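Data block below; observations after.
Each reported figure results from applying straightforward, stated rules to the coordinates on display, with no laboratory input. Note that the structure is predicted; figures quoted are calculated from it, not measured. Ideal geometry is used to build each Cβ from the backbone, glycine not excepted, and the neighbour counts take in all protein chains shown.
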Amino acid sequence: AQETAERLQYLHENGFVGLGLDSEGIWGLQGRVFYMAGRLVGDPSLDYRDIIEEYCNGVYGKAAGTMTEFFDLLEARLSEVIPIDKDDISVEGRRTRMPRWLNTSDMYLAQYPPRFLQQLEQLLQKAENEAATERTQGWVRLSRDQFDFTRLLTEMLISYRAWQVKPTQAN
């Protein structure tokens, strides 16, 4: 959220006239950033933290605090594993500090170690219990569905690596 807010403010200060977004964004894990980006494009002077709070309260209701913690943890990990310089708004791609030999599988494994996935899982379970209405339960479920995809993909990659090291029937 902070990285996106900084880039949108930079673009506004430099007179941007258009913005292209990746179509593969997943709302369940990135919805609050999409919402924030839309609001900041309309008014770059807004505080991104207030927008995030507005989104989480409006979408998750009683589970807002837990979902905020979930997303903050997820975004902090992304910033740690795939850091992006503040001036990196290049169309040619991100100039991250990640080694260029890392492929998508390596990035998943680096970003989502089992202990981290367990932390996220515990937060989602807590949010599922806190969501008090059908609507808020549906929003938590959307995040759950997309988190489960990420978790299962990462677990599959871990299992595949184990099989590569020792190609047994069990592995």
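So the values come out like this:
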| item | result |
| --- | --- |
| Theoretical ellipticity at 222 nm over the chain - DSSP helices of four or more residues, -39500 (n - 2.57) apiece, nearest 500 | -22500 deg cm²/dmol |
| FRET efficiency estimate (nearest 0.05) - Cβ-Cβ, residue 135 to residue 100, R0 25 angstrom | 0.05 |
| Among 69-81, 49-61, the order from most to least packed when residues are scored by Cβ within 10 Å on average | 49-61, 69-81 |
| Rel. contact order, % - alpha carbon contacts under 8 angstrom, at least six apart, the chain | 26 |
| Chain lengthening between residue 170 and residue 6 when straightened (0.36 nm per residue, less Cα-Cα) | 54.2 nm |
| Span-rule helices in the chain, defined as complete DSSP H runs reaching 20 Å or more along the axis (Cα) with Kyte mean at least -0.5 | 27-42, 64-81 |
| GNM flexibility winner over the chain from 68, 150, 104 (Cα, springs under 10 Å) | 104 |
| FRET efficiency for residue 109 and residue 26, using Cβ-Cβ distance with R0 set to 22 Å, rounded to 0.05 | 0.70 |
| Estimated inter-spin distance, residue 54 and residue 13, nm [label 7 Å along Cα→Cβ] | 2.2 |
